[in-house]
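See below for the structure under consideration.
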């Protein structure tokens with residue numbers, strides 16, 4: 001599952017249990033404590049996974065930025081000199097009769 005989904009699920013479970021706990025009997029509150037702790041563990045784990053993913057994304061963007069700067073710092077390659085087009089060989093003309 002994606003880390004964001006896990007985080008949101010854990011946060012929702014923890015918040016819902018915290019809101020309902022005072023209305024329930026004290027025994028139920030004691031029983032909900034492990035559920036709340038599990039939700040917090042899930043949220044902490046998801047947060048750590050999101051931090052790792054964000055750090056990797058930042059590193060990738062920084063690498064791309066450095067590569068782009070390095071390419072801009074290089075002098076542009078010289079423009080190729082256009083070659084002169086070769087002329088087609090001339091055909092010999094046949095003499096035209098003077099009478100025509």
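The values are calculated or read from the model by the stated rules, or taken from the named source; none is laboratory data. Computed from a prediction, not measured in an experiment: that's the story for all the values here. In this analysis, Cβ positions are derived from the backbone assuming ideal geometry, glycine residues included, and neighbour counts consider all displayed protein chains.
Of all the listed residues (83, 79, 88), the sole one being part of a loop (DSSP other than H, G, I, E, B), out of contact with any helix residue (DSSP H, G or I) (no Cβ under 8 Å at 6 or more places or on another chain) and modelled with pLDDT under 75 is 88.
Tell me the residue from 42, 8, 32 that is assigned to a helix (DSSP H, G or I), at pLDDT below 80 and surrounded by 10 or more Cβ atoms within 10 Å (Cβ to Cβ), please.
Matching residue, one of 42, 8, 32: 32.
Beta carbons closer than 9 Å, at least 6 apart along the sequence or on distinct chains, never pair a first residue in region 73-94 that is on the phi > 0 side of the Ramachandran plot and loosely packed, with under 10 Cβ neighbours inside 10 Å with a second that is modelled with pLDDT under 75 and assigned to a loop (DSSP other than H, G, I, E, B).
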